[in-house]
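The values are calculated or read from the model by the stated rules, or taken from the named source; none is laboratory data. It should be emphasised that the depicted structure is a prediction, and the values quoted were computed from it without experimental measurement. Positions of Cβ are generated from backbone atoms using ideal geometry, with glycine treated the same way; all protein chains shown enter the neighbour counts.
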Amino acid sequence: MRGKFITLEGIDGAGKSTHLAWLAEYLKSRSIALCVTREPGGTPLGEKLRALLLDKDQPMHLETETLLMFAARREHIEKVIAPALARGEWVLCDRFTDATFAYQGAGRGVANEKLGVLERWVQGSLQPDLTIIFDLPPAVGRARAGSIKSPDRFERENEAFFERVREGYLQRAKAAPQRIRLIDASRGIAEVQADLTVVATELWR
Ligand code: TMP
């Protein structure tokens, strides 16, 4: 049986990495064969593209950035995501196309129509079975993260950028309520994990 495809999203500073590690352990404890991966990245070429995309000294046009995100995704689907799902593994992916709509679309201003064309081209009919968005105000995320020693090209963006990205995520959640679950990540870890458990339970239905 094909595995489940789960993606985790949120603005920088939402605590996504901590929650992802917890969810991975939870799923493994339920005897799920799991492939944990990330975007941009997840393949040798994808990780090279990630390094370019995050490099604070590598300016690029917003459409170049968008195309590189999708180029890394094409490779990732082909080499990692599709084979794992076909083997019956569940794929837990740290960001996917919702991030492109939020960051390059809402954040940078690339038109949704263009993103939609690339999404269909690169993914065909592949969509996550479940997407969890960790939502919180950018000011809270920033305060939590403290001062990052060497912020990458995205982490250097200002609060107005992250407000637009957050709004982009909220719109995605509204447009696809069957697939996307919003979790209030401004609360403590225990409360977020309680919600995560409830959301994960839906995957066995
Ligand atoms: P990470 O820090 O969560 O690993 O993500 C790396 C950065 O890449 C993060 O700032 C969000 C950004 N990103 C995009 O802008 N568009 C995308 O499509 C993806 C997958 C990530």
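On the given criteria, is Asp12 acidic (Asp, Glu) and in contact with an Asp or Glu (Cβ under 7 Å, 6 or more places away or on another chain)?
Values: acidic (Asp, Glu): yes; in contact with an Asp or Glu (Cβ under 7 Å, 6 or more places away or on another chain): yes.
Yes; evaluated as a whole, the condition is true for this residue.
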Among the numbered criteria (1) modelled with pLDDT of 95 or more; (2) crowded, with 16+ Cβ neighbours inside 10 Å, which one does Arg187 miss? (2)
Test Gly116 against the criterion of being of a type outside the set (Phe, Trp, Tyr), at pLDDT 95 or above, more than 17 Å from the chain's Cα centre (by Cα) and surrounded by fewer than 20 Cβ atoms within 10 Å (Cβ to Cβ), and give yes or no. no
Being over 15 Å from the mean Cα position of the chain (by Cα), surrounded by fewer than 21 Cβ atoms within 10 Å (Cβ to Cβ) and within 15 Å of the ligand (Cβ to nearest atom): is that true of Lys56 here? yes
